[in-house]
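Working notes, structure below.
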Amino acid sequence: MKKIEIEINGQRMFGAVAKAGETTWFSLAGEVWTIESPPSGRAARGATNVAGVDPTQVRAPMPGKIIKVVSTVGSTVIAGETLIVMEAMKMEYTLKAAVTGEVLEILCEVGQQVTLGATLAKLKV
Amino acid sequence: MRRIQSVAIANRGEVAVRIIHACRELGIRTVLLHSEADQGTRAYRMADTRICIGPAPTNESYLSIERCVNGALAGKADAVHPGFGFLSENANFAEAVLDAGLIFVGPKPASIRAVGDKIAAKKTIAQAKAPSVPGYMGDDQRIETLVEEAAKIGFPVIVKAAAGGGGRGMKVIRSREEAVEQIASAQREGLAAFGSAIVFLEKYLDHAKHIEFQIFGDSGGEVSYLFERECTVQRRHQKIIEEALSPVLTPELRRAMGETAVRLAQSADYQGAGTVEFLLQDDQFYFLEMNTRLQVEHPVTEMVLGVDLVKAQILNAAHEFRVWPQETLVAHGHAIEARIYAENPYAGGIPSTGKVLGMEWPEGPGRRFETGIEAGDEVTPYYDSMIAKVIVWDETRLRAIKKMKATLAESLVLGVHTNIPLVREMMSHPEFIQGTMTTQFVGSHFPDGLRARERSPVEIEFQNRASNSEFGASSGQAVESRRAAPNVWISSRAWSNV
């Protein structure tokens, strides 16, 4: 981490910057934000997943453990229906279908540790 | 009873650090019982002796009675401090510690069973004629029975893991349709976090305040109450902001609740630090549960009373302590604690893990920081996401709120996201400032955390200059940042608060 003092429009401000892998962290006046700098052409993993570009791809929003797979391949799910339950930091998180459609693939199983952004299931609209 | 010369700490994170501080001040050697995943933590670096008790998963380390006891023996400890969470409220653990010839820093196993197990405690408090919330605490734990009982109580109903705490294994059931799913989820969380799937049900009070009383019993049988903490600001039953004292209690109500808490403790022959939790709605208080351990939020009580609860626990375990007489306890000023969680408030509070690249806490009068990690340490997905606590004290509640806001504005964590921006927003909310918030506060006003916002022109300018300064004007990063700046409003994905 590097601390940086800047003056903008005559006002002194204190911030910090740090880089880890493809992510650069910025902090200014109590606000923290990140910017992803992926190799050109490829979207940043974390950013893609949180923004949820493709609603048919169910991705792990965090690293953690799969504790329940509710849906089965070939079944029809409606938007908002629970597909998978994960655990991280001792809390359960329910992953729900973003769209109504058919479950094409389930790519995880109960007990499995998954990484951030891993595709856990695929749907077909 | 012999003097305690070394204490084994069956815990991790900031509470392990808190206990190490107390031991050092008392001239006591510390033995940290840690998992393989916790070698890069502050407590690990601070402890006098370190004993690895197993791998990262909690049931193979921090939740293993055998490994914790063996670790304490291997480290030649005289006593075991369980901290909070993990085995701290497990009577079998307390018993195993005693059976191994060690001192347990906490109540006797029988006391834990009488008031610590939530189902048993409800029966105890019913005998003590204290009001409790309508509910079901039967032995029949079949899911069909639980659903029927929930319907009988009337929705909304809350389902809780009997051995639980810290918001884990607790779910609100709003309708019959979601009853099965929520009960099953609470059972699983209870099993995973505490090793027990037993749950109970109770009526969910929807405009209540969470008020808890700190009590302390000494080895001579005296019990005092150290007033209350208000912990109303919770999300998913996980506390976020705690304060002492509550802004709403009248002296009469305070005394009635405090005396109820003391009665409960006395009926269980309680020794050491404990907390009796109540819900307060329309000037009626209902017993919620008793926690037979130190609480996460104990610092706010320490700040307004000028006491050290952890040292008192250790001295009491060595029979070298007399509890503060009730009439000498007077609260001064106001203290607020904010729990800092590694999570992204701009993404619905999703946990954030990774290496902490930078961490700074701004010292100042009446400010206190408790953390178990430092820059360079890893926040792992194995444990609770609380990475720090920020505590402030000032003469009045309003000043304490302002101090908290100023302190958080200067606090810095880089490498993992934290809820600091969310806590700052909460501190500015009129309902919080007035002190009229209920346990619905977070759900009503911050249901999904914070909305991601665009970077301000000043922040973009800073980002560009910081990129130049960090990576050199010729780096592609800096160029890309400059080029991207005019389009930041649209290309929000690459700039998002991921």
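A few notes on this one:
- Hits among aspartates and glutamates - C-alpha to C-alpha of B:Lys108 under 16 Å, sequence gap 8 or more where chains match: B:Glu89, B:Glu95, B:Asp99, B:Asp117, B:Asp218, B:Glu222, B:Asp269
- Its Cα centre serving as origin, chain A has a Cβ charge dipole (Lys and Arg +1, Asp and Glu -1) of approximately 220 debye.
- Projecting label points 7 angstrom from Cα along Cα→Cβ for B:Lys402 and A:Glu81 puts them 5.6 nm apart.
- Straight-distance crosslink candidates among aspartates and glutamates, where the alpha carbon sits under 14 Å from B:Lys152 and sequence neighbours closer than 8 are dropped: B:Glu144, B:Glu202
- The lysines whose alpha-carbon is closer than 23 Å to the alpha-carbon of B:Lys239, local same-chain residues fewer than 8 away aside, are A:Lys90, B:Lys118, B:Lys122, B:Lys160, B:Lys171, B:Lys203, B:Lys209, B:Lys389, B:Lys402, B:Lys403, B:Lys405.
- Cβ-derived FRET efficiency at R0 60 Å, B:Asp308 paired with A:Thr94, nearest 0.05: 0.90
- Table column - 3J(HN,Hα) (Hz), segment A:28-33, Karplus curve with 6.51, -1.76, 1.60, x for Gly and Pro: 8, 6, x, 8, 10, 8
- Sorted by Cβ neighbour density within 10 Å, fewest at the top, the residues B:Arg339, B:Arg263: B:Arg263, B:Arg339
- Helices in chain B, meaning DSSP H runs of at least 4 residues, each add -39500 (n - 2.57). Divided by all residues, the mean residue ellipticity at 222 nm is -10000 deg cm²/dmol.
- The protein assembly as shown - charge dipole about Cα centre, Lys and Arg +1 at Cβ, Asp and Glu -1, debye rounded to 20: 740 debye
- Considering every alpha-carbon pair of chain B, the percent of pairs per 20 Å bin, from zero through the bin containing the longest distance, is 22, 56, 19, 2.
- Positive-end ranking of B:Leu226, B:Phe287, B:Leu398 along the dipole of chain B, with charges on Cβ about the Cα centre, is headed by B:Leu398.
- For chain B, with +1 on Lys and Arg beta carbons and -1 on Asp and Glu, the positive-most of B:Gly190, B:Thr30, B:Val262 along the dipole: B:Thr30
- Summing Cβ point charges (Lys, Arg +1; Asp, Glu -1) relative to the Cα centre of chain B gives a dipole of roughly 460 debye.
Quick note: the coordinates plus some simple rules give every number you see, no bench work behind them. In this text, all values refer to a predicted model and were calculated from it rather than measured experimentally. Ideal geometry is used to build each Cβ from the backbone, glycine not excepted, and the neighbour counts take in all protein chains shown.
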